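See below for the structure under consideration.
The values are calculated or read from the model by the stated rules, or taken from the named source; none is laboratory data. Computed from a predicted model, the values in this text were never measured in an experiment. As a convention, Cβ positions derive from the backbone with ideal geometry for all residues, glycine included, and neighbour counts pool all protein chains shown. Each accessible area value is taken on the protein alone, full model and side chains, heavy atoms only, with ligands, DNA and RNA left out. Shrake-Rupley method; radii C 1.70, N 1.55, O 1.52, S 1.80 Å.
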Amino acid sequence: MYKVYFEDGSIFEGGSPTNSKWNDMSKKSIVKLEYAVCNKQVIMEGYEAYNHVIEHCITVGKAEISRLWLMVKKDTDTLIIKFDLRTGKIDYDAVDFGKEWRGKPVTGWKPGIKNGKPRTKIF
């Protein structure tokens, strides 16, 4: 599902959407995050912090993953890329850091690098 490249040269491989292993990752500084989602490759690198949120919906007693949000921080801004896993649609948003979810902060941020050259690529 994703790979994380750390400043010390080590690599962490994430799990599946139902068990992403995001919280199992060390708190070392991230240089680059590569994600495979909705038949797309996403590369995010050079940011100050990284995060993701997996959204679930409940339909007739069964929970399913509906959306994935990839988030990165630069200065006081958060870039959010939202993947609708049911339709394949991709939306983008930029909000003030700490106002990611309906104007409120999200938890789970992992440190990136300071003074990086931020770049996001989706192909």
Open item on the list: Can you list residue pairs whose Cβ atoms sit under 7 Å apart, with the first residue in segment 101-123 being within 15 Å of Tyr5 (Cα to Cα) and small (Gly, Ala, Ser) and the second being assigned to a loop (DSSP other than H, G, I, E, B) and modelled with pLDDT of 95 or more? Count only pairs 6 or more apart in sequence or on different chains.
Closed with: Gly112/Ser29; Gly112/Tyr47; Gly112/Glu48; Gly116/Gly46; Gly116/Tyr47
Task: Selection status of Thr18, open to solvent by 30 Å² or more (accessible area, probe 1.4 Å), at negative phi and out of contact with any strand residue (DSSP E or B) (no Cβ under 9 Å at 6 or more places or on another chain) - done: no
Open item on the list: It is to be established whether one or more residues within segment 78-93 are closer than 15 Å to Val4 by Cβ, in contact with a Lys or Arg (Cβ under 6 Å, 6 or more places away or on another chain) and not hydroxyl-bearing (Ser, Thr, Tyr).
Closed with: no
Task: Flag if Asp84 is farther than 22 Å from Pro111 by Cα, surrounded by fewer than 16 Cβ atoms within 10 Å (Cβ to Cβ) and more than 10 Å from the chain's Cα centre (by Cα) - done: yes
Open item on the list: Looking at Phe83, Phe123, Phe97, can you tell me which residue is in contact with a Cys (Cβ under 6 Å, 6 or more places away or on another chain) and at pLDDT 90 or above?
Closed with: Phe83
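Could you please let me know if Lys114 is open to solvent by 30 Å² or more (accessible area, probe 1.4 Å), of a type outside the set (Val, Ile, Thr), on the phi < 0 side of the Ramachandran plot and not in a strand (DSSP E or B)?
Considered against the rule, which asks whether it is open to solvent by 30 Å² or more (accessible area, probe 1.4 Å), of a type outside the set (Val, Ile, Thr), on the phi < 0 side of the Ramachandran plot and not in a strand (DSSP E or B), Lys114 comes out as yes.
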TODO: Within segment 21-40, identify whether any single residue is touching a residue at least 12 places away in the same chain (Cβ under 8 Å), open to solvent by 60 Å² or more (accessible area, probe 1.4 Å) and either part of a strand (DSSP E or B) or touching a Pro at 6+ places or on another chain (Cβ under 6 Å) (or both), and answer yes or no.
DONE: yes
TODO: State all residues of segment 87-100 that are assigned to a strand (DSSP E or B) and either charged (D, E, K, R) or open to solvent by less than 80 Å² (accessible area, probe 1.4 Å) (or both); if no residue qualifies, say none.
DONE: Ile90, Asp91, Asp93, Ala94, Val95, Asp96
Open item on the list: Restricting to segment 1-15, name every residue that is assigned to a loop (DSSP other than H, G, I, E, B), modelled with pLDDT of 95 or more and surrounded by 11 or more Cβ atoms within 10 Å (Cβ to Cβ).
Closed with: Glu7
